[in-house]
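The values are calculated or read from the model by the stated rules, or taken from the named source; none is laboratory data. These numbers come from a predicted model, not from an experiment. Methodologically, a virtual Cβ is constructed for each residue, glycine included, from the backbone with ideal geometry; neighbour enumeration extends over all protein chains shown. Heads up: the accessible areas ignore ligands, DNA and RNA and are worked out on the full protein's heavy atoms, side chains in. Shrake-Rupley method; radii C 1.70, N 1.55, O 1.52, S 1.80 Å.
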Amino acid sequence: MTRQSVSVLGATGSIGDSALDVIARHADRFVVTALTAHRQWEKLAQLCRRHRPDVAALSDPAAAQALERALAGQGLPTRVLAGEQGVIEAAALPGARTVVAAIVGAAGLQPTLAAALAGKRILLANKEALVIGGAVFMAAVARGGATLLPIDSEHNAIFQCLPADYSRDPAATGVRRILLTASGGPFRRRPLAELASVTADEACAHPNWVMGRKISVDSATMMNKGLEMIEAHWLFGMSREQIEIVIHPESIVHSLVEYVDGSMLAQLGHPDMRTPIAQALAFPERIDAGVPALELVRRGSLTFEAPDHDRFPCLDLAYRALGAGGAAPAVLNAANEIAVAAFLGGRIRFTDIAPACAEALARLPARTVRTLGDALAADAEARAVARSWLKLPVAA
Ligand code: NAD
Ligand code: MG
């Protein structure tokens, strides 16, 4: 069997770890073409020794030099690329059939777009790319003849529960709506008055999932679910009215599809990203992901509740942004990235995140987004508004 060539963008992160774990379990099926990261050159050097990619790229040029020195004379086939352009080049290498898009945040947009235009099979984790670039990104997928396979656990669950020939038209296949499940994060029961003083480490202590720090904070504010609602809109052609969010604290049911006949299909599993990643890597086949079977009897019960919109104002902001359309989701995402980085850096309170996003949405018009340039301009404007509202230094 010819092995499937896979590039992993964001290889040193949490999704990168899970993807490379699955890949390493199936050396007979997969071969690594490129690995990319931001500046963690030591970890990337280890990954290069282990997976022997053709290319390794670091967006930080000084880190790329350090990687080049670390790999010199080791008999590896790996060529090192540097800078944002190096990561973009790595994303579109002709040698790779599949690209795992797992860079965090807006930084992933251009590499993922390059993979789309190069016609790759894209395993999408980087939801921010779709939130910022929506229409532009989907047009690039169509133009490049790329295939999008969602690995965000909720979207992968929906993908598994939709008909095999589903093509972004719910009415044509008797789909009434989808339900995105959410754990509610670490602050689901925390007294509201305490939220202003929670620390970054508390916000990152997710009850069920181990993830990067940015998405962990997004889970604590539930902005993650808001971004996922917008992600689902683009992936599956659902209107915002067709996407419901349900709190499910156990994180076992990863999402559901409701059909017009009253059937609801769900996908269940342990909260372990290797399951959706393995499903998408091998699709339409199934492979071992290293994840144990779910023991339902031992689990006992699964619970569901409605989200509390006062506790989680980011949910309404996301619905509002998708309703406004155009650049509004890009504005929301950019303001959120600035606010989350400031919170993780100890500069603002947890409860400043949502108002900073609301301010950017209120201040900036939802301009039409026709090109990548339009999306990037909205992103830059929203970062400036959020920085100024949060009283952060200009380059923070
Ligand atoms: P992480 O912080 O653990 O890893 C991020 C990766 O992106 C690292 O390899 C880092 O080097 C790279 N990176 C960061 N900034 C970069 C830049 N400016 N240029 C190039 N590369 C850069 O994040 P993560 O938790 O793995 O999440 C990655 C993406 O997957 C996010 O979009 C997140 O929303 C999504 N996602 C993650 C999970 C999860 O369980 N971790 C689940 C669903 C979706
Ligand atoms: Mg998710």
Quick one: how many Å² of GLU285 are accessible to a 1.4 Å probe, rounded to 10? 100 Å²
Nearest 0.05, what FRET efficiency do ARG370 and THR2 give at R0 = 45 Å with Cβ-Cβ as r? 0.70
Per-peptide average of other Cβ atoms within 10 Å, ordering 115-128, 262-275 highest first: 115-128, 262-275
With no solvent term and unit scatterers on the alpha-carbon positions of the chain, Debye gives log₁₀ I(q)/I(0) at q = 0.07, 0.10, 0.12 Å⁻¹ of -0.30, -0.64, -0.94
May I ask what percent, to the nearest 5, of DSSP beta bridges between residues of the chain are antiparallel? 25 percent
To the nearest 20 Debye, how big is the dipole of segment 320-390 about its Cα centre, given +1 on the beta carbon of each Lys and Arg and -1 on that of each Asp and Glu? 80 debye
Taking 0.36 nm per residue of separation and subtracting the Cα-Cα distance, what length does fully extending VAL394 through VAL297 add? 29.5 nm
Give me the dipole magnitude in Debye, nearest 20, for the chain about the Cα centre, with unit charges on the beta carbon: positive for Lys and Arg, negative for Asp and Glu. 700 debye
Exposure ranking of ASP169, ASP28 by accessible area [1.4 Å probe, largest first]: ASP28, ASP169
Would you tell me the accessible area of GLU305, worked out with a 1.4 angstrom probe on the heavy atoms of the protein chains, in Å² to the nearest 10? 60 Å²
Under the 0.36 nm per residue contour assumption, what length would be gained going from the current alpha-carbon distance of LEU192 and ARG347 to full extension? 53.8 nm
Please list 142-148, 78-84 highest first by mean number of surrounding beta-carbon atoms within 10 Å per residue. 78-84, 142-148
Surface share of carbon and sulfur [accessible, 1.4 angstrom probe, percent] for segment 216-267: 55 percent
So the compactness index of segment 86-167, its C-alpha Rg divided by 2.2 N^0.38 Å, takes the value 1.03
Using +1 at the C-beta of Lys and Arg and -1 at the C-beta of Asp and Glu, which of LEU71, VAL340, GLN110 has the Cα lying farthest in the positive direction of the dipole of the chain? LEU71
Kirkwood hydrodynamic radius, computed over distinct alpha-carbon pairs, for segment 202-335: how many Å, to one decimal? 16.7 Å
If you average the alpha carbon positions of segment 348-391 and of segment 312-340, how far apart do those two centres end up, in angstrom? 8 Å
